[in-house]
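Please read the structure below before turning to the comments.
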Amino acid sequence: MIRPKNVKEIEGMRDAGAMANTVLLETAKIIKPGISTREIDEFAAECIERYKGKSAFLGYRGYPCHTCISVNEEVVHGISGTRTVQFGDIISLDVGVTYQGFIGDNAITVAAGGCAVEIQNLMDVTQRSLDEGIKAAVLGNRVVDISRAIQKHVESNGYSVVREFVGHGVGRSMHEEPQIPNFVDGAPSPKLKAGMTIAIEPMVNMGNPEVLILEDGWTVITKDRKPSAHFEHTILVTEEEPEILTCATRMDSKVEASS
Ligand code: MF3
Ligand code: CO
């Protein structure tokens, strides 16, 4: 059973979401040609520490980094290391933080310096597909309506959605029910209810949808080695419009209020 969050839990999710998005955006700003993926991860780790959060990823099923950093053909769960970012690379940065027992999970893909217009289009379509998915996260709909909106936007633009990894409910645990696929799979699909907090995260490949996992046991890459993009938000289903919980603005206003 999927238990919607109560008012107190939702407040906790707002705080965690604001922090997760603040860390994501601050870290994304330092992504430039010449930086190593490890430096990006370390910057995010310091940022999380400064806000008194914890990485939701570090140690999760043995995951070794604070964030996921996936370059070009890497889809998700990229492990940072000595690799240096090159001009024209695209970097998918996934940040999950735990704050006061609640988790905010979000991701963006950015280009280092700049990138080919075809690759920018892949990123734009992926981000837009997330927007379409969020718009479908309303009462009266089921999870599959989110999935359908994402898949439709992606495929009508000539790209493909990854099947093996999906979005998810999120709360005190990073992965709660229900799963949020980025494609219509024909399985029975739960109704959306006010108070549900879910992470919607389309992973979109320029070429074929197939993926492989590298020998490190984590890094997911496209089988055809073509680029892939990933955007993610944690959202709250409400009686009205969906609320984006991974929203740094709330964090900014809190910081201002306390200074
Ligand atoms: N956003 C990803 C997810 O929800 C990140 C998980 S990385 C892991 O699955 F290492 F923690 F698994
Ligand atoms: Co997620």
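Scanning segment 8-24 for residues that are within 18 Å of residue 244 (Cβ to Cβ) and surrounded by fewer than 17 Cβ atoms within 10 Å (Cβ to Cβ) yields one hit, 11.
Does residue 93 satisfy the criteria of being out of contact with any Lys or Arg (no Cβ under 7 Å at 6 or more places or on another chain), within 16 Å of ligand 2 (Cβ to nearest atom) and under 28 Å from residue 66 (Cβ atoms)? Spelling it out, residue 93 is indeed out of contact with any Lys or Arg (no Cβ under 7 Å at 6 or more places or on another chain), within 16 Å of ligand 2 (Cβ to nearest atom) and under 28 Å from residue 66 (Cβ atoms).
Scanning segment 161-190 for residues that are in contact (Cβ under 8 Å) with a residue 40 or more places away in the chain, over 16 Å from residue 133 (Cβ atoms) and touching a Gly at 6+ places or on another chain (Cβ under 9 Å) yields 171, 172, 174, 176, 177.
Residue-by-condition table, conditions (1) within 16 Å of ligand 2 (Cβ to nearest atom); (2) in a loop (DSSP other than H, G, I, E, B); (3) not hydrophobic (A, V, I, L, M, F, W, C):
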position	(1), (2), (3)
150	yes, no, no
174	yes, yes, no
195	no, yes, yes
221	no, no, no
225	no, yes, yes
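Looking at 43, 57, just one residue is among the aromatic types (Phe, Trp, Tyr), farther than 26 Å from residue 242 by Cβ, at pLDDT 95 or above and surrounded by 17 or more Cβ atoms within 10 Å (Cβ to Cβ), and that residue is 43. From the list 86, 100, the one residue that fits, being among the polar types (S, T, N, Q), surrounded by fewer than 17 Cβ atoms within 10 Å (Cβ to Cβ), in contact (Cβ under 8 Å) with a residue 40 or more places away in the chain and in contact with an Asp or Glu (Cβ under 8 Å, 6 or more places away or on another chain), is 100. Taken over segment 136-158, the criterion of being in contact with a Ser or Thr (Cβ under 7 Å, 6 or more places away or on another chain) and open to solvent by less than 10 Å² (accessible area, probe 1.4 Å) is satisfied by 143, 150, 154. Taking the criterion of being open to solvent by 40 Å² or more (accessible area, probe 1.4 Å) and assigned to a loop (DSSP other than H, G, I, E, B), the residues of segment 60-72 that qualify are 64, 66. What do you reckon, is residue 215 without any contact (Cβ under 8 Å) to a residue 12 or more places away in the chain, more than 24 Å from residue 156 (Cβ to Cβ) and open to solvent by 70 Å² or more (accessible area, probe 1.4 Å)? Taking the combined requirement at face value, the residue satisfies it.
Looking only at residues of segment 180-193 that are over 28 Å from residue 120 (Cα atoms) and either of a type in the set (Lys, Arg) or part of a strand (DSSP E or B) (or both), we find that the one that is nearest to ligand 2 (Cβ to nearest atom) is 193. Take the conditions (1) within 22 Å of residue 112 (Cβ to Cβ); (2) open to solvent by 50 Å² or more (accessible area, probe 1.4 Å); (3) in a loop (DSSP other than H, G, I, E, B); residue 31 misses just one of them, which is (2).
The values are calculated or read from the model by the stated rules, or taken from the named source; none is laboratory data. Since the model is a prediction, treat every value here as computed from it, not as a measurement. We place every Cβ from the backbone using ideal geometry, glycine too, and count neighbours over all the protein chains shown. Ligands, DNA and RNA are stripped out before the accessible areas are found, and what is left, the full protein with its side chains, is counted by its heavy atoms. Shrake-Rupley method; radii C 1.70, N 1.55, O 1.52, S 1.80 Å.
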